[in-house]
Structure formats: C-alpha cells, structure tokens
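Notes follow once the structure below has been shown.
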Amino acid sequence: MELKNVMTATGVARSGMTVREGFRECLRCEVPGIPYVDESGKVVGRFSIRETLRRACIPDVMVKYADLLGDAPGCLVVSAEHAPQLLDLPLLPFIKYEVARITPNCAVATAVALMERHTTNYLFVIDHQNRYVGVVTVWAIARRMLELKL
C-alpha cells in the first residue's frame, strides 16, 4: 500500500480565517484537521476540529474528571445561540503548534507508528522542499485496506 493512495489533498488554514472556515474545509475533505501555514506558506501548526471544540466548549477540569461526570454534566451545554459565536471567532487561538509530519515516500506502516507516537489520527505529508502535499488519516488507511479486499 502506497502513501499516495491514502492521502487527501486539502486546503490550509491561514491567519485571518474563522473557525467556520476551518470547520468547512475539514468537513469538505473529511479530515479531522488541516495545516496552519504562515505568510511564507510554511506549515507551522494545525487546526483541529476536536481541539477547537475541546478548548471552546469544555473546561479542563471536565476533561480531567470526565469519567465522573455521568450523562448530564449540569449547566454546561453548547447552546444553539452560542454556536454561531464560536464559528465566527478567529481560528488563530485554536491552532496547535505541534505538527506531526511525514514525507511522501514514507511507508504506511511508519505513518501508523508515528500517529501512535504522537497520539493523533492524522499526519500532514510535507515534501523535501517543505511544501504541504496532503493529509493521511487512519480512516483513509482503513478504507484503502477494504478496497484492496485483503
């Protein structure tokens, strides 16, 4: 199985974009996150749906004690009227500056190992000229395995 067969081309997040624009690109491409690039186009971070929702909707104490919360976490609810406010926020505060990356020639098994090491479900593919090529997800790898009818 080759990396190019499990890679998805996406757009990138840039300064000035909103959470809405970041979510739209992730959902359009069916990926959990997209790279954040600086003015020169270099990948310097990542925008993630999961990380954005975690930071915007869940206090850290809830994450720490999530097993104790039960089915009804009390007054903490993401209301319909607050969703547009979140979507209109700049995405910059939600960028994570840790970027797990691989090269286009990387083996799929190495990609899976790196995902595990970095506790992520996706990696950005960056070529040797430091240009973003696409994203590889565990879902794309599983989908490709099913297509191969192993």
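Bear in mind these aren't lab numbers, they're just calculated from the coordinates by the rules spelled out. Note that this is a predicted model, so its numbers are computed, not measured. Cβ sites come from the backbone with ideal geometry, for glycine too, and all protein chains shown count toward neighbours.
Tabulated data for the structure shown
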{"quantity": "Near-label residues of region 39-55 by backbone N, under 13 Å of a point 7 Å along Cα→Cβ of ASN130", "calculated": "39-45"}
{"quantity": "Alpha carbon convex hull of the chain, projected area averaged over orientations, nm²", "calculated": "10.7"}
{"quantity": "Residue-averaged 222 nm ellipticity for the chain, from DSSP H runs of 4+ at -39500 (n - 2.57), nearest 500", "calculated": "-9000 deg cm²/dmol"}
{"quantity": "Most mobile listed residue (ALA13, ALA107, ALA80) in the chain, GNM with C-alpha springs under 10 Å", "calculated": "ALA80"}
{"quantity": "Difference of contour (0.36 nm per residue) and Cα-Cα distance, ASP88 to THR18", "calculated": "24.6 nm"}
{"quantity": "Cα-based radius of gyration of region 97-143 once divided by 2.2 N^0.38 Å, which approximates compact folds", "calculated": "1.05"}
{"quantity": "Cα-centre dipole for region 3-147 with unit charges at Cβ (Lys and Arg positive, Asp and Glu negative), debye to 20", "calculated": "380"}
{"quantity": "Ranked by how many other beta carbons lie within 10 Å on average, peptides 14-27, 91-104 from highest", "calculated": "14-27, 91-104"}
